[in-house]
1. Which residues, taken from segment 63-84, are surrounded by fewer than 24 Cβ atoms within 10 Å (Cβ to Cβ) and hydrophobic (A, V, I, L, M, F, W, C)?
2. Hey, could you check segment 154-181 for residues that are touching a residue at least 24 places away in the same chain (Cβ under 8 Å) and surrounded by fewer than 19 Cβ atoms within 10 Å (Cβ to Cβ) and say which is nearest to VAL117 (Cα to Cα)?
3. Cβ contacts < 6 Å: first residue assigned by TED's automatic domain parsing to the domain that holds ASN156 and of a type in the set (Ser, Thr, Tyr), restricted to segment 118-144; second residue near the ligand (Cβ under 10 Å from one of its atoms) and not in a loop (DSSP other than H, G, I, E, B), any location; separation 6+ or different chain. Result?
4. Looking at TYR316, is it assigned to a helix (DSSP H, G or I), more than 21 Å from the chain's Cα centre (by Cα) and among the aromatic types (Phe, Trp, Tyr)?
5. How about segment 64-119: which helices (runs of 4 or more DSSP H) wholly inside it have at least 2 residues that are of a type in the set (Val, Ile, Thr) and modelled with pLDDT of 95 or more?
6. Look through segment 113-149, keep the residues that are among the charged types (D, E, K, R) and within 12 Å of the ligand (Cβ to nearest atom), and return whichever of them is nearest to the chain's Cα centre (by Cα).
7. Please report, ordered by residue number, the strands (runs of 3 or more DSSP E) entirely within segment 134-230 with at least 2 residues that are among the hydroxyl-bearing types (Ser, Thr, Tyr).
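The values are calculated or read from the model by the stated rules, or taken from the named source; none is laboratory data. These figures come from a predicted structure and were not determined experimentally. Note that we place each Cβ from the backbone using ideal geometry, even for glycine, and neighbour counts take in every protein chain shown.
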Amino acid sequence: MELTDEQAAVRDVVREFAREEIRPTALEADQRQEFPEDVWDGLAELDLTSLTVPEAYGGYDADPVTAAVVNEEVAYGALAVATALSVHSLATSCIAEFGSEDLKERWLPDMAEGRPVGAFALSEPHAGSNPAEMSTEARREGDEYVINGEKQWITNGKRAGVYVLFAKTDRDDPSTVTQFLVPGDVDGLSVGEKEDKLGLRASDTTSLTFDDVRIPAENRLTEEGRGLSAAFHILTGGRIAIAAQSVGLAQCAMDEALEYSEEREQFDQPIGEFQSIRHKLAEMATRIKASRLLTREAARERASGSAGLTASMAKYFASETAMHVTNEAVQIHGGYGYVTEGEVERLYRDAKITEIYEGTTEVQKKVIARHLLE
Ligand SMILES: Cc1cc2nc3c(=O)[nH]c(=O)nc-3n(C[C@H](O)[C@H](O)[C@H](O)COP(=O)(O)OP(=O)(O)OC[C@H]3O[C@@H](n4cnc5c(N)ncnc54)[C@H](O)[C@@H]3O)c2cc1C
């Protein structure tokens, strides 16, 4: 699918930044488990932290295809950075789409410039694939809501200065999930330690504990009971972002594998001369191209209205592609693929999360089948 001249120009700028400024920091950030804040500031300078902020609030307000292209290119540099950016964008999308004029004016211009960083707090220890089972409660008391409960696996947990929170206004009533904006400095909010993860180690993933946190009623983003439908609507865009990131990560592994196939020699010839290696490369390239096309089609549909089915197909297919391609890239590198000094070992570890967050593969297939059978 052809990009417009403007989309191609954005791709080229982000590609250069991702390859020259993000990728060289990725291995050390992974090993130290530290988010590269300088890189974040660079993304902000390129206006990418304002991707889903309307122009009226100082944002770039990118169309969905441009947003997918940006996600792909940033993930080529480092999935941890792309994940942080897409979660920040989920938060700005929620505020832009559901917030009052006051909330938009108060938060969006600063978030567009990169800080405060945003987070999206839906999952809980006992409610992942089925968020309707959440138990965090925001009980109305006069002109405030009082929040109690725990969130789990929150990306940007420590870095964030503002949280988009989903909570029930009545813990015993599943139909009362509502969306709120919680500033990071409220009393009673504590952020857990960073999870020690298989991959995506530079991204901070934490729990959040709310202990009688009070926020003004004006910080409610949706009507009471409209939180889950709002979350699913926003997560359709999120799934396209993760699909695009899977493509970018897979492309990075592909490029590493191609280069290695040409330079590594065994039996007096480059390993790229062996048919088994050539077939691997052919299959990897084909799956990446198919994933990219499906992802861009989902983004194109999103631009013109609904994209639920194609977004789930793209997320499912592209994340499996990322796993397949990184697995083959490690295999092509032999023992050198298995050690941390090379890049494909990290890419292989990072790829796994794309099959889990923002709806597991099993959940995407459930959504796809529901569309087919309705
Ligand atoms: C690194 C990381 C970052 C994350 N970032 C965020 C974030 O920023 N914000 C946030 O809110 N959440 C975040 N998450 C949470 C993530 O979205 C959940 O982990 C995911 O939705 C799965 O939920 P779960 O872990 O509770 O697994 P479960 O829902 O318990 O699923 C366990 C297994 O059962 C399967 N399963 C569940 N239900 C069904 C079904 N109906 N049919 C078939 N199979 C099913 C699943 O596919 C999975 O294989 C993050 C998670 C990780 C690991």
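1. VAL65
2. GLY161
3. SER123/GLN152; SER123/TRP153; SER129/VAL363
4. Here the answer is no, as TYR316 does not meet what is asked.
5. So the answer is 64-77, 79-98.
6. So, considering only residues that are among the charged types (D, E, K, R) and within 12 Å of the ligand (Cβ to nearest atom), the one nearest to the chain's Cα centre (by Cα) is GLU124.
7. Because the criterion is at least 2 residues that are among the hydroxyl-bearing types (Ser, Thr, Tyr), the strands (runs of 3 or more DSSP E) in segment 134-230 that meet it are 144-155, 205-216.
Residue-wise test of (1) within 16 Å of the ligand (Cβ to nearest atom); (2) crowded, with 22+ Cβ neighbours inside 10 Å; (3) of a type in the set (Asp, Glu); (4) not assigned by TED's automatic domain parsing to the domain that holds ALA84.
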site: SER306; (1), (2), (3), (4): no, no, no, yes
site: HIS324; (1), (2), (3), (4): no, no, no, yes
site: TYR348; (1), (2), (3), (4): yes, yes, no, yes
site: THR354; (1), (2), (3), (4): yes, yes, no, yes
site: GLN364; (1), (2), (3), (4): yes, yes, no, yes
site: ALA369; (1), (2), (3), (4): yes, no, no, yes
